[in-house]
Structures are given as C-alpha cells and as structure tokens.
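Values in this text are rule-based calculations from the coordinates and carry no lab data. Being a predicted model, the structure only gives us computed values, none of them experimental. All Cβ positions, glycine included, derive from the backbone under ideal geometry; neighbour counts span all protein chains shown.
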Amino acid sequence: MIKVGILGSVGSGKSFVANIFKELGFNIFSADQVVSQIYERNKNINKKISIFFKLKLNRGKINKNELRDTLKKNPKKFKYLNKIIHPIVRKKLILFLSKYKKTKLVVLDIPLLIENKMFNFVDIFIFVKTKPNIFKIRIKKRRNLDKQFLKLLKNQQADEKIKKGYADFTVDNSTKDKVKLQVKKILDKILLND
C-alpha cells in the first residue's frame, strides 16, 4: 500500500486535491472529517473540552464559535485542544490504514501531518500551492474563518517552505480546472514506480 500525504497551508486546496483522488477511486482519510465527528458524537471529549475552556454544552456538544472565540483570546490553549483531539485522530488513522492495507494506494488529508511528526504514516508527499490572490478569495468564502482565527491556524502549522521541502510532487491549485490533470500525471508516476 502506498500512503500519499497531502501538504499545504490553510486554504491551499488540500481537501480539493484529496477529493480528486477519491473521484479516481482511492480511499481518503480526512482528519477534518474525523474532528467534525468527534465534536458531533463524542460526548466524553466534548465534556473534557467544555471543562477546560469553561464552555457550556448543548445536548453534549460544544459550540464551535464559542470555542474559536476562547482560542482567539488565549491561543496557547490550542496545545491542550490538540492533546485531546490528536490521539483520537491518530487511532482513527491506524484503523483506516488497517482497513485498507490490501489496497494499492490511500490518501491522507491531515492538516498537521508534519507538525505532529506523522512521517512514518506517509510514503509520498504532495504539496498543494495556490497564488496569494486566489488564496484570499477562497478564504473569504469560508464563513467560519475570520482574519484573526486564520492567523491562529497558520501559527499552528509549519511554514510553507518547510512543507514544500518534504514534497515529492507539487500541485498548483491556482486554477481548479487543471488540477485533475496534474493529479492524474502524479498518480501515473507513483503507480509506475511501484
């Protein structure tokens, strides 16, 4: 099994690229989806978060806007949140890899792949880049990301140059219509060398 990790900054289009692999018939592990499921279903974790951040629970769920506001006031608390969330993401990833171990290739869409030193889970890195003006347009479309919270998220991540240094391949996501062709070419090279 070849494990492909997707790298890139917030808003670069990592999930967009991962979903192209999905369209082509490959299984995707999305850390963002796992985290959403934790907030949606895991009452024990939500309780831990609510106690630490002094937030009220609504039917066992965290109000994400309140959590974001708290993190904006005290960014250092991100570390605690990561300590709660990331072990679960890692466990889910191990289960995912076990489930699909007989498949030819899987794709890992994990925003903090480098930062959490998850190199041993990846065979090939693809770096997704986009032009700054395109990035600004895309970020504006995300209603849950104001400038302050975006800056906080970026501060959690390694510098783009560091991520690019790990890349075996690069996808330019500045114009979405050309991305699928780039992914297919990369895929051909990966599978040819297998």
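Structural remarks
- Listed residue (G8, N173, Q156) projecting farthest to the positive dipole end of the chain, Cβ model: Q156
- Cβ-defined net charge surrounding F127, 11 Å radius [Lys, Arg +1; Asp, Glu -1]: +2
- Semi-axis lengths (Å, descending) of the ellipsoid that matches the C-alpha gyration tensor of the range 5-86: 28, 15, 10
- Listed residues L81, V34, G60: farthest to the positive end of the dipole of the range 1-144 (Cβ charges): G60
- Mean ellipticity per residue at 222 nm, deg cm²/dmol - from DSSP H runs of n ≥ 4 across the chain, formula -39500 (n - 2.57): -17000 deg cm²/dmol
- DSSP bridge orientation in the chain - percent antiparallel, rounded to nearest 5: 5
- Rounded tilt (10° steps) of 179-193 against the dominant C-alpha axis of the chain: 70
- Principal semi-axes in Å for the chain [√(5λ), Cα gyration tensor, largest first]: 30, 21, 14
- Under 5 Å, built H, 5+ apart or other chain: amide partners of L108: V4, G5, I6, F29
- Computed about the Cα centre, the dipole magnitude for the chain is approximately 920 debye when only Lys and Arg (+1) and Asp and Glu (-1) carry charge, each at its Cβ.
- Distance from the C-alpha centroid of the range 52-97 to that of the range 1-39: 20 Å, rounded to the whole angstrom.
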